Every structure is written in structure tokens, then in C-alpha cells.
1. For Glu37, state whether it is within 29 Å of Ala21 (Cα to Cα), under 30 Å from the mean Cα position of the chain (by Cα) and either surrounded by 10 or more Cβ atoms within 10 Å (Cβ to Cβ) or at pLDDT 85 or above (or both).
2. Look at Val30 and say whether it is exposed (fewer than 11 other Cβ atoms within 10 Å of the Cβ), under 27 Å from the mean Cα position of the chain (by Cα) and assigned to a helix (DSSP H, G or I).
3. Could you tell me how many of the residues in the range 40-70 are surrounded by fewer than 11 Cβ atoms within 10 Å (Cβ to Cβ) and not in a helix (DSSP H, G or I)?
Amino acid sequence: MRFFRAIKQLAAVTSLFALFAVNGGQWFLVQSVAWAEMWSRFSRTESFAQATRHTFDGQHLCGVCKIARHERAKEKAPEIRLELHEFTLTQPGWEQALALRFPDSLRFHAGARTNAPSHPVPPPTPPPRLC
């Protein structure tokens, strides 16, 4: 029983780590370390408020901050473009048409089976008993 609990916990931790990494969490950690280092360096010669202001104003970047900014900019996700096809459904008596838009990935293939029976198979008689 302990083995399965350990596997479940390991899976949860691994999943959280993967989610963190996929969403750019490593750059958050790098930036946090850089901010801590910058604040400690600025606070040696300046007041608390001035050190905090210089750390977070974006004008006094350290080398690590520049690297993190550059790497985050390189990791921007590419744009995804979907081509949409429009279908208009009208019914006599309707005052306006209903327009549906479908992405290309949802289009029916030419070889798809579209001749489903119009009447479903009737249920078995007598209906099955519940156990």
C-alpha cells in the first residue's frame, strides 16, 4: 500500500514540475534569484526604498536579468492559425440565419460513413431485468 502511495505522490510532484517547466517557471526562478542578488547589492549603499525601486524599475538590469529577458522572448509560443469554413442554416419563418464556423480539423473526410440508419434498432423485448 505504501508503494502505491509513493508512486502516486511521485506522479503528482513530477506533473507539477512538468507544468511549472512548460509554463516558463524556470525563468521565474532565475529572475527571482537575480532580483534577490540585485536587492542585496543595492541595499548595501542605498536605503530600503531606493534599493527596492532600483531592483524592480527595469532600468538597472543585471546580467542575469538580461539573459532571462532574452530567453523568455525566444520562448514565445508561435501563433496558431485556423482556417474556418462558414455554413449558413436557414429555416422558413426564421428572421435571421444561423451561421456556424468549423475549423479544418473537424471537416468530414470523403471516405467517412455518412449513411447511418434513419431508424434505431428497437430495444429488446422484454427489457432486461436489473440485478
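The values are calculated or read from the model by the stated rules, or taken from the named source; none is laboratory data. Owing to the predicted nature of the structure, the values given are computational and were not obtained by experimental measurement. Positions of Cβ are backbone-derived with ideal geometry, glycine not excepted, and every protein chain shown enters the neighbour counts.
1. Values: within 29 Å of Ala21 (Cα to Cα): yes; under 30 Å from the mean Cα position of the chain (by Cα): no; either surrounded by 10 or more Cβ atoms within 10 Å (Cβ to Cβ) or at pLDDT 85 or above (or both): yes.
No; evaluated as a whole, the condition is false for this residue.
2. Details: exposed (fewer than 11 other Cβ atoms within 10 Å of the Cβ): no; under 27 Å from the mean Cα position of the chain (by Cα): yes; assigned to a helix (DSSP H, G or I): yes.
No; evaluated as a whole, the condition is false for this residue.
3. Counting residues in the range 40-70 that are surrounded by fewer than 11 Cβ atoms within 10 Å (Cβ to Cβ) and not in a helix (DSSP H, G or I) gives 6.
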